[in-house]
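So the structure is just underneath, and the comments pick up after that.
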Amino acid sequence: QVQLVESGGGLVQPGDALRLSCAASGSIGVIYNMGWYRQAPGTQRELVATITRSGGTNYEDAVKDRFTISRDNVKNTVSLQMNSLKPEDTAVYYCNGFIRPMGRPTGYPYWGQGTQVTVSS
């Protein structure tokens, strides 16, 4: 069984910074791509940023110059540093990982439970 657990959400003011973290645990064989998605009320879940196992990154245009994704392949963690936050960044943020469990021949997408980020004055 594989689990992803996020932490670090909260209420901040516009212009503030916040760091989200996500830890994968359980019977992990290999973690391939990891990423962060977000979902605001009444909208579909959207990609924020992804990172490959070797460190290649991809960002949504709206966050490209403000957010930084990173990962630790030893600790099985992925983080999202969010700077210069805006009210439109308000959403539930979900951690995602494409993970091959131990003893399985293929990988599967796993999701965390989500963490709320609210940007408001």
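In the set Leu85, Leu20, only one residue is at pLDDT 95 or above, surrounded by 19 or more Cβ atoms within 10 Å (Cβ to Cβ), in a loop (DSSP other than H, G, I, E, B) and touching a strand residue (DSSP E or B) at 6+ places or on another chain (Cβ under 7 Å); that residue is Leu85. Within the stretch 43-52, the residues that satisfy the criterion of being of a type outside the set (S, T, N, Q) and in a strand (DSSP E or B) are Glu46, Leu47, Val48, Ala49, Ile51. Would you say Arg100 is more than 22 Å from Gly10 (Cβ to Cβ), open to solvent by 40 Å² or more (accessible area, probe 1.4 Å), free of Cβ contacts under 8 Å to residues at least 24 places away in the same chain and out of contact with any helix residue (DSSP H, G or I) (no Cβ under 9 Å at 6 or more places or on another chain)? Taking the combined requirement at face value, the residue does not satisfy it. Could we say that Tyr59 is among the aromatic types (Phe, Trp, Tyr), within 19 Å of Glu6 (Cβ to Cβ) and surrounded by fewer than 13 Cβ atoms within 10 Å (Cβ to Cβ) here? No, not satisfied.
Could you please let me know if Tyr94 is open to solvent by 40 Å² or more (accessible area, probe 1.4 Å) and in a strand (DSSP E or B)?
When the stated conditions are applied, Tyr94 does not pass them.
Yes/no matrix, rows are residues, columns are (1) over 24 Å from Ser84 (Cα atoms); (2) part of a strand (DSSP E or B):
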| position | (1), (2) |
| --- | --- |
| Glu6 | no, yes |
| Leu11 | no, yes |
| Tyr32 | yes, yes |
| Arg38 | no, yes |
| Pro41 | no, no |
| Ser54 | yes, no |
| Asp65 | no, no |
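The values are calculated or read from the model by the stated rules, or taken from the named source; none is laboratory data. Here the structure is a predicted model, which means the values were calculated and not measured. All Cβ positions, glycine included, derive from the backbone under ideal geometry; neighbour counts span all protein chains shown. Note: areas computed on protein heavy atoms with side chains; ligands, DNA, RNA excluded. Shrake-Rupley method; radii C 1.70, N 1.55, O 1.52, S 1.80 Å.
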